[in-house]
1. Among the residues of region 1-47, what is the count of those that are in a loop (DSSP other than H, G, I, E, B) and more than 11 Å from the chain's Cα centre (by Cα)?
2. Hey, among K34, K54, K45, which residue is within 15 Å of the ligand (Cβ to nearest atom), closer than 23 Å to F77 by Cα and either surrounded by 12 or more Cβ atoms within 10 Å (Cβ to Cβ) or at pLDDT below 95 (or both)?
3. Under 8 Å between Cβ atoms, which residue pairs at least 6 apart in sequence (or on different chains) link something in region 1-29 that is closer than 14 Å to D40 by Cβ with a partner that is away from the ligand (no atom under 16 Å from the Cβ) and assigned to a strand (DSSP E or B)?
Amino acid sequence: MILYTLRCSHDHHFEEWFSNSADYDAKKEAGELKCPECGDTQVGKAIMAPKVAKAAAAPAPACMPGGAGGGCGGCAFAGQH
Ligand SMILES: [Zn+2]
């Protein structure tokens, strides 16, 4: 389960639990994400770093050790692993 802080187009913030990021995408596409304050469905993630309730099941993405910049410095996941 992942807790996302969501934000509507009127800058209301609220939190919603999702099974995973695909669950978020599916509910967003289906228009099921709605601001509890104004009912707006123009909702997006307010922050990029969700809280994770359990240890992530997915392994850390691989990068090229010793690559340009050294270690993870040059990969897309720099600073995340
Ligand atoms: Zn709102």
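The values are calculated or read from the model by the stated rules, or taken from the named source; none is laboratory data. Just so it is clear, the structure is predicted and the values come from calculations on it, not from any experiment. All Cβ positions, even for glycine, are placed from backbone atoms using ideal geometry, and neighbour counts span all protein chains on display.
1. Within region 1-47, residues that are in a loop (DSSP other than H, G, I, E, B) and more than 11 Å from the chain's Cα centre (by Cα) number 19.
2. Step by step, each of K34, K54, K45 is checked, and only K45 is within 15 Å of the ligand (Cβ to nearest atom), closer than 23 Å to F77 by Cα and either surrounded by 12 or more Cβ atoms within 10 Å (Cβ to Cβ) or at pLDDT below 95 (or both).
3. Within 8 Å, the pairs are E16/L3.
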